[in-house]
């Protein structure tokens, strides 16, 4: 179990649904590869699934597909948690999401925080203890600015939102705005050397994600809208273990917070 960032049980129970196997199976794996996405400030839910359910080990690999900030209650806490894991020996690779880019742009003075409701912006800034994005400490901006847009594994391609498969191959993999923002695309595995695509960005009902995993679709969205705590079709954090293709769904256990309904 991870020794830092202890869970606060008064905020909810750490309960998880399994798609394919009991949790103790994780204990016997020499190495597991996990992918998740769209944390949106849901620190307690993320901690719970890593520490209590999966019992993440230094030999495991964790890939997170972006959108660490905005909408949820503890954007800064999520960044702190992710930033300290490699220093404690954990193998973590984080990608860039559109909300991470938007916060970075606002903090650098390139844009205003106009991408979300007033309540969403207030929660984000409060988590950093500032009144304006330009006051966010530089260490967070440096970390966000170093995040890659995509990652190739031997058997999967990882990206936050997706690709425009109608573009020529060289342009498709350098169209960074699309990688962060596209909401619909027609998947073409031949453009990714036959690899499956894992992405997030658009909240997808948990039942639909379960079905995509069960049928091993070529492109699978893992954004089950954890931050939308009042929506029973969403309100979960999805983590996919790649080698067993086992899906874990962690319910949102954050303390009450205001969010625009989806």
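Here, each number is a calculation from the coordinates, and none is a lab measurement. The shown structure was predicted, so the numbers you read here are calculated from the model rather than taken from an experiment. Cβ coordinates were reconstructed from backbone atoms using ideal geometry, including for glycine residues, and neighbour counts include every protein chain displayed.
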Most to least packed among 167-174, 237-244, 33-40, 126-133 [average Cβ atoms within 10 Å]: 33-40, 237-244, 126-133, 167-174
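Stretched out fully, how many nm does the piece from residue 52 to residue 141 gain, at 0.36 nm a residue minus the Cα gap?
Working: separation 89, 0.36 × 89 = 32.04 nm, distance 2.96 nm.
Length gained between residue 52 and residue 141: 29.1 nm.
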Spin-label model distance (nm) - residue 231 vs residue 188, 7 Å beyond Cα toward Cβ: 3.0
The range 130-198: C-alpha gyration tensor shape, a/c 1.5 cut-off, then a/b vs b/c: prolate
Rg followed by Dmax, in Å, when the range 199-247 is reduced to its Cα trace: 10.3, 32
Packing-based exposure ordering (other Cβ within 10 Å, fewest first) of 224, 204: 204, 224
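For the range 48-101, what does the alpha-carbon gyration tensor say about shape, rounded, prolate or oblate, given a ≥ b ≥ c as the root eigenvalues, a/c under 1.5 as rounded, and a/b over b/c as prolate?
Working: a/c = 1.98, a/b = 1.59, b/c = 1.25.
Because a/c hits 1.5 or more and a/b exceeds b/c, the range 48-101 counts as prolate.
Can you tell me the length gained on complete extension of the stretch residue 117 to residue 261, counting 0.36 nm per residue apart and subtracting the Cα distance? Before the final figure, lay out each step's value.
Working: separation 144, 0.36 × 144 = 51.84 nm, distance 1.08 nm.
Gain on extension, residue 117 to residue 261, equals 50.8 nm.
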Spread of Cα-to-Cα distances over 5 Å intervals beginning at zero, given as percent, for the range 153-262: 2, 12, 21, 22, 17, 13, 8, 4, 1, 0
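I need the calculated FRET efficiency for the pair residue 177 and residue 93, taking r as the beta carbon distance and R₀ as 35 Å, to the nearest 0.05. It would help to have the intermediate numbers written out before the result.
Working: r = 22 Å, r/R0 = 0.62.
So the FRET efficiency works out to roughly 0.95.
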Contact order normalised by residue count of the chain, Cα under 8 Å, 6+ apart, percent: 24
Global geometry of the range 66-181, whether rounded, prolate or oblate, following the gyration tensor of its Cα atoms and the 1.5 cut on a/c: oblate
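Mean shadow of the chain, computed from the convex hull of its alpha carbons, in nm²?
On the way: hull surface 53.1 nm².
Average projection, Cα convex hull of the chain: 13.3 nm².
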For the chain, calculated [θ]222 nm from helices alone, where every DSSP H run of n ≥ 4 adds -39500 (n - 2.57): -6500 deg cm²/dmol
